[in-house]
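Note sheet for the following structure.
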Amino acid sequence: MDNILVVHPRDNVGIALKTIAAGEPVIAQGKELFCALEEIPVSHKVALADIAPDEEIIKYGEPIAVSTQPIQKGRWVHTHNLASGAWKR
Amino acid sequence: MNDISGFIRPDGRVGIRNHLLVMPTVSCVNGVAQRIARDVPGAVSVVNPHGCGRGGPRDLEILFRILSGLIRHPNVGGVVLIGLGCEVSSIANLRPVVQDAGKPVEMFNVQTDGGSLETARKGAEAARRMLAELQGRPREPIAWEKIMVAMECGGSDALSGVTANVALGAVADWLVEKGATVIFGENTEMIGTAEVLARRAKNELVAGQIRQMVSRAEKLTREIVGELASLVISPGNMDGGISTIAEKSMGCIVKGGTTTIHQVVDYGEAPTERGLILQDGPGYDCDSMAGLAASGAQLMFFSTGRGTPVGFPAMPVIKVASNTGVYQAMRDDMDVNAGVLTQGASLPALRDEMIRQMIRVINGEQTKAETNGMDVFSFMTVHPPF
């Protein structure tokens, strides 16, 4: 059973459909992709690929933020490792 | 399979319903209109939230545009207009709209038609007569090019932006491919995505209008909520996994799909282009719905995660739940469960089911909000009354 949803094929994050425990396999469209490196709370984002610092976080096929540090595949992606640009301007 | 039917109006627009609308021109005579609606089953009535007491040019523009939009709405086959006599949006002032409405409109003024009870009696008599004519009219085949579908989201949750709105977007893309028009508004929910939208504009003019609209919405939000503006993305949003305003807004604008944006229209303004259209309207659902209906949308998809029962007079609203929990908790209010996307269902399968349901609704099947009579009519004002 899938435990993440990937909204757009270009996305580098997936959305947890339930809280995923550290070490638990991450599954989309019936395929086990990798194991979560830490707990991913329900409806939060998990990195689908290794993301470099200053790389765009892509969801809906569009940039929604920029990473502030290296983010390994399987890590939780949220306000602690990304920055917004839009509202601060 | 995709054949649709409706009512072809003299101006070439098409209705998917053939309603008789009982409309008060001002709040003061709402009671008269409600009395007529009680006495004439089958009539659709609205409760007018305004109609007088506001004089600024922008408020007058909105008032007349919204009332005119409802009188001219393609799903409305005839109107009983109930006026008071001394209001700003009086029958006398609405006469030019009535004259080219291309449908029968009967008008009564409470001050000159014998007071409330006598006006209600005359109005009910007219309503019964007109309704009998409207109900006898058969449906005819109509073209998708004549259909305008509005996309709305409200009472959202963390899943709204990844299940229900994504499904709405998939239906939107299908509609545009068919030659239909899709419209959505809620400018506050575009903050942070101006460039994403502008990139999809038909030309530089439209791109500039999109940037202006979103920057006005951002400025207004700051003016209204001041230092709290950052709460547009709230701690609750963040707990729900939303990290940035751009992410939150993407979850909203995804309901319009991915096609070229052909035009930006003002609140309640009718588009002159087909395809995907943006409306410069407010985020508050009930006010947004009136603007989209006044623009001529015959049908609305409305996604919700927390759950809302709201419908609109004369415009069927298809409710799409973002999660199975709210779909079950508000079973009588929800038409579609997009929560199945989290339970292994595919987006193309859900989209196709929604298209089939939309076709049934266009062809006359009632939505939950229609069956339940959840009509709400409310519209935006920019100044307080005086």
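The values are calculated or read from the model by the stated rules, or taken from the named source; none is laboratory data. Keep in mind the model is a prediction, meaning the values are calculated, not measured. Every residue, glycine among them, receives a Cβ derived from its backbone with ideal geometry; neighbour counts consider all protein chains shown.
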>> With the requirement that a residue be under 24 Å from B:Gly6 (Cα atoms) and among the β-branched types (Val, Ile, Thr), what does the range B:334-371 give you?
In response: B:Val336, B:Ile355, B:Ile359, B:Val361, B:Ile362, B:Thr367, B:Thr371
> When the range B:179-206 is examined, which residues are found to be of a type in the set (Asp, Glu) and in contact with a His (Cβ under 7 Å, 6 or more places away or on another chain)?
Replying inline: none
>> Can you pull out every residue in the range B:292-339 that is surrounded by 23 or more Cβ atoms within 10 Å (Cβ to Cβ), more than 17 Å from B:Val361 (Cβ to Cβ) and aliphatic (A, V, I, L, M)?
In response: B:Ala294, B:Val326
>> Tell me yes or no: at least one residue of the range B:200-222 is part of a loop (DSSP other than H, G, I, E, B), closer than 29 Å to A:Ile58 by Cβ and of a type in the set (Asp, Glu).
In response: no
> With respect to B:Val80, is the statement that it is part of a strand (DSSP E or B), crowded, with 21+ Cβ neighbours inside 10 Å and either without any contact (Cβ under 8 Å) to a residue 24 or more places away in the chain or not polar (S, T, N, Q) (or both) true?
Replying inline: yes
>> Can you go through B:Thr308, B:Thr272 and tell me which one is away from every other protein chain (no Cβ under 14 Å), within 17 Å of the chain's Cα centre (by Cα) and of a type in the set (S, T, N, Q)?
In response: B:Thr308
>> Could you check the range B:216-227 and list, in sequence order, the residues that are at pLDDT 90 or above and touching a helix residue (DSSP H, G or I) at 6+ places or on another chain (Cβ under 7 Å)?
In response: B:Ala217
>> What's the number of the only condition in (1) in contact with a helix residue (DSSP H, G or I) (Cβ under 6 Å, 6 or more places away or on another chain); (2) not in a strand (DSSP E or B) that B:Val264 fails to meet?
In response: (2)
> Just checking, how many residues over the range B:141-169 are of a type in the set (Gly, Ala, Ser) and crowded, with 24+ Cβ neighbours inside 10 Å?
Replying inline: 6
> Taking interchain pairs and intrachain pairs at least six residues apart, which have beta carbon atoms under 6 angstrom, with the first residue in the range B:44-58 and in the same structural domain as B:Ile82 (by TED's automatic domain parsing) and the second of a type in the set (D, E, K, R)?
Replying inline: B:Gly51/B:Glu87; B:Cys52/B:Glu87
> Among the numbered criteria (1) in a helix (DSSP H, G or I); (2) surrounded by fewer than 22 Cβ atoms within 10 Å (Cβ to Cβ); (3) of a type in the set (S, T, N, Q), which single criterion is violated by B:Ser249?
Replying inline: (2)
> Among the strands (runs of 3 or more DSSP E) confined wholly to chain A, which include 3 or more residues that are surrounded by 17 or more Cβ atoms within 10 Å (Cβ to Cβ) and at the interface with chain B (Cβ under 8 Å from one of its Cβ atoms)?
Replying inline: A:62-67
> Counting only residues that are buried (at least 24 other Cβ atoms within 10 Å of the Cβ) and closer than 28 Å to B:Ala180 by Cα, which one in the range B:19-43 is farthest from the chain's Cα centre (by Cα)?
Replying inline: B:Leu20
> Tell me, which helices (runs of 4 or more DSSP H) wholly within the range B:103-199 include 3 or more residues that are among the β-branched types (Val, Ile, Thr)?
Replying inline: B:164-177
> (1) buried (at least 21 other Cβ atoms within 10 Å of the Cβ); (2) in a helix (DSSP H, G or I); (3) not charged (D, E, K, R): which one isn't true of B:Ser68, the others all being true?
Replying inline: (1)
>> Quick test for you: out of B:Ser156, B:Ser89, pick the one residue that is under 30 Å from B:Ala172 (Cα atoms), hydroxyl-bearing (Ser, Thr, Tyr) and touching a residue at least 12 places away in the same chain (Cβ under 8 Å).
In response: B:Ser156
> Restricting the search to the range B:170-198, which residues are at pLDDT below 95 and surrounded by fewer than 19 Cβ atoms within 10 Å (Cβ to Cβ)?
Replying inline: B:Glu195
> What about A:Leu37, is it among the hydrophobic types (A, V, I, L, M, F, W, C) and within 11 Å of the chain's Cα centre (by Cα)?
Replying inline: no
